[in-house]
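Chemist: Below you'll find the structure I mean.
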Amino acid sequence: MASSTVSTRHWTRLPDGEVRCDVCPRACRLSEGQRGLCFVRACEGGEVVLTSFGRSSGYCVDPIEKKPLAHFLPGTPVLSFGTAGCNLACRFCQNWDISKSRELDTLSDEAPPERIARAARALGCRSVAYTYNDPVVFLEYAVATAEACRAEGIRSVAVTAGYVLPEPRRELFAAMDAANVDLKAFSDRFYRKVCSGALEPVLETLHWLRHETSVWLEVTTLLIPGENDSKEELEAASRWFADHLGPDVPWHFSAFHPDYRMLDAPRTPPATLTRAREIARAHGLRFVYTGNVYDPEGQSTRCPGCGALAIGRDGYEITAWNLEGDGRCRGCGAQIPGVFEPAPGSWGARRRPVRLAELAPA
Ligand code: SF4
């Protein structure tokens, strides 16, 4: 086995000698030497292995608002990294060079979990984000890194499509402190046609995260003109959201820009995001945000008790802070749900690519 290849737990040996990966609903059937759709899980030596353990496609310190998380340690820096491969095949993917990479050799930094945790601490990051590609496909590496981070007092954030089966899901999120789950659309047709996936497992993951875990949850929907932005679909999604996740889970609507295999679709007009936000708020959702556009009001947090500005934002910058240390509104005392500290971080909008080797020698 290569040094980046490790055994995994979530798979089944089939009567015909093949193996089935049980990590995500694709349930890839693999014969010896074959790789799954995600490309990083494969059948070697009669078992399913992960081939990207300890290999990363690069690191960057970002504002936590960029994940996006609006109610989790606002203003703080997060060390973001990803590996290669993905278990969905979204035609609009904005990270396709990573998610569709089949070149594990181009993964630049060798990074054992403890080294990432040490680097995060050295950089002053409060959390590590498993992002760029879905941590579901590098589950074992993400969990080991999150455990190393916990030992250093660093939290972990999964940025995921939530397309995962229940058992691996339990393992992944037991190690996480926060998650941003992509709800790509509210139609199975979209998931099948545009992502080669299915809607129901994602809804199940969202419901489970909200009700069965203490992971701080936020949701993102990238609105693509003509594909997932109709009034009917947004109404139905908002109804489901209010019924299953309740009014306090933040929902981010973000703007699409043409990418990968969807170069013909237009950019999302800001008015579409504003309309989506209004629909969601009309269904009782209290924290609905816009992203990837200039919209300070749509990105700021208003107190649900008195309507005062609780957290002002302009893009990734915090421009106002009117919360008590425990996250209560300074005006009326209403609790803003989330994970807050007495003061926000001051990282700002900076994006800083880093080389791990310079920060945390092996
Ligand atoms: S995680 Fe990868 S190998 Fe496993 S079922 Fe999903 S796509 Fe297939």
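Chemist: With a 1.4 Å probe and all protein chains left in place, how much of the accessible area of the chain comes from carbon and sulfur atoms, in whole percent? Don't jump to the answer; show the numbers that get you there.
Modeler: Numbers: 7120 of 14460 Å².
Carbon and sulfur atoms account for 49 percent of the accessible area of the chain.
Chemist: In addition: Using the Karplus curve 6.51 cos²θ - 1.76 cosθ + 1.60 with θ = phi - 60°, work out ³J(HN,Hα) for each residue of segment 57-73 in order, rounded to whole Hz, and write x for Gly and Pro.
Modeler: 8, x, 10, 8, 8, 10, x, 4, 4, 7, 5, x, 10, 9, 10, 10, 6
Chemist: Taking the Cα centre as origin and putting +1 on Lys and Arg beta-carbons and -1 on Asp and Glu beta-carbons, what dipole magnitude results for the chain, to the nearest 20 debye?
Modeler: Around 360 debye, computed over the chain.
Chemist: Can you count the Lys pairs in the chain with C-alpha separation below 23 Å, eight or more apart or on different chains?
Modeler: For the chain, the number of qualifying lysine pairs is 9.
Chemist: What is the set of long-range amide H partners of Ala334 at a cut-off below 5 Å, with H atoms built 1.01 Å from backbone N?
Modeler: Cys329
Chemist: Sticking with this one: Taking θ as phi - 60°, what are the ³J(HN,Hα) couplings along segment 21-33 by the Karplus curve (6.51, -1.76, 1.60), each to the nearest whole Hz, with x for Gly and Pro?
Modeler: Result, ordered by residue: 6, 10, 7, 10, x, 5, 6, 4, 9, 10, 9, 3, x Hz.
Chemist: A follow-up question, please. Rounded to whole Hz and in sequence order, give me ³J(HN,Hα) for segment 130-140 from the Karplus expression 6.51 cos²θ - 1.76 cosθ + 1.60, θ = phi - 60°, writing x for Gly and Pro.
Modeler: 9, 8, 6, 10, 7, x, 3, 7, 10, 2, 5
Chemist: Using Cα springs under 10 Å in a Gaussian network model of the chain, which residue among Leu206, Leu30, Leu14 shows the largest mean-square fluctuation?
Modeler: Most flexible of the set in this elastic network: Leu14.
Chemist: Out of residues 5 or more away from Thr220 or on other chains, whose amide H comes under 5 Å of its own, with H placed 1.01 Å from N in the peptide plane?
Modeler: Val181, Asp182, Leu183, His252
Chemist: Projected onto the charge dipole of the chain (+1 at Lys/Arg Cβ, -1 at Asp/Glu Cβ, origin at the Cα centre), which of Leu69, Ala310, Gly162 gives the Cα projection farthest towards the positive end?
Modeler: Ala310
Chemist: A follow-up question, please. Tell me whether segment 48-91 comes out rounded, prolate or oblate; compute the Cα gyration tensor, take square roots of the eigenvalues as a ≥ b ≥ c, and use a/c under 1.5 as the rounded threshold.
Modeler: On the way: a/c = 2.79, a/b = 1.81, b/c = 1.54.
Prolate, since a/c reaches 1.5 and a/b exceeds b/c.
Chemist: Determine Rg/Rh for the chain; Rg is computed over alpha-carbon atoms and Rh is the Kirkwood hydrodynamic estimate from the same atoms.
Modeler: Over the Cα atoms of the chain, Rg/Rh equals 0.96.
Chemist: In segment 264-357, which chymotrypsin sites (Phe, Trp or Tyr not before Pro) fall in coil by DSSP and have 14 or fewer other Cβ atoms within 10 Å?
Modeler: Working: sites: Phe287, Tyr289, Tyr294, Tyr316, Trp321, Phe340, Trp347; in loops: Phe287, Tyr294, Tyr316, Phe340, Trp347.
Counting only loop positions with at most 14 other Cβ atoms within 10 Å, the chymotrypsin sites (Phe, Trp or Tyr not before Pro) in segment 264-357 are Tyr294.
Chemist: Find the accessible area per residue for segment 220-280; the probe is 1.4 Å, ligands and nucleic acids are left out, and the unit is Å².
Modeler: 42
Chemist: Can you give me the angle between helix 200-212 and the longest principal axis of the chain, using Cα atoms only, in degrees from 0 to 90, rounded to the nearest 10?
Modeler: Once rounded, the angle reads 60 degrees.
Chemist: For segment 197-264, how big is the tail of P(r) above 14 Å, as a whole percent of Cα pairs?
Modeler: Values: 1503 of 2278 pairs.
Of all Cα-Cα pairs in segment 197-264, 66 percent lie more than 14 Å apart.
Chemist: Related question: Taking only DSSP H segments of four or more residues, each worth -39500 (n - 2.57), what value at 222 nm results for the chain once the sum is divided by all its residues, to the nearest 500 deg cm²/dmol?
Modeler: The helix contribution divided over the chain gives -7000 deg cm²/dmol.
Chemist: Okay, next question. What percent of all Cα-Cα pairs in segment 210-312 falls into each 10 Å bin, going from 0 up to the bin containing the maximum distance?
Modeler: Each 10 Å bin holds this share of Cα pairs: 15, 45, 31, 9, 1.
Chemist: Please compute, over every Cα-Cα pair in segment 118-178, the percentage with a separation greater than 13 angstrom.
Modeler: 56
Chemist: Once the Cα atoms of helix 113-122 and of the chain are each reduced to a long axis, what angle between those two axes, in degrees from 0 to 90 to the nearest 10, is obtained?
Modeler: 30
Chemist: Using the Cα atoms of segment 13-70 to build a convex hull, what is its mean projected area in square nanometres?
Modeler: Average projection, Cα convex hull of segment 13-70: 5.7 nm².
Chemist: Amide H to amide H, which residues 5 or more places from Gln34 or on other chains are under 5 Å from it, using H placed in the peptide plane?
Modeler: Distant-sequence amide H within range of Gln34: Cys43.
The values are calculated or read from the model by the stated rules, or taken from the named source; none is laboratory data. Source: prediction; values computed, not measured. Cβ coordinates were reconstructed from backbone atoms using ideal geometry, including for glycine residues, and neighbour counts include every protein chain displayed. The area values use the complete protein model at the heavy-atom level, side chains included, leaving out ligands, DNA and RNA. Shrake-Rupley method; radii C 1.70, N 1.55, O 1.52, S 1.80 Å.
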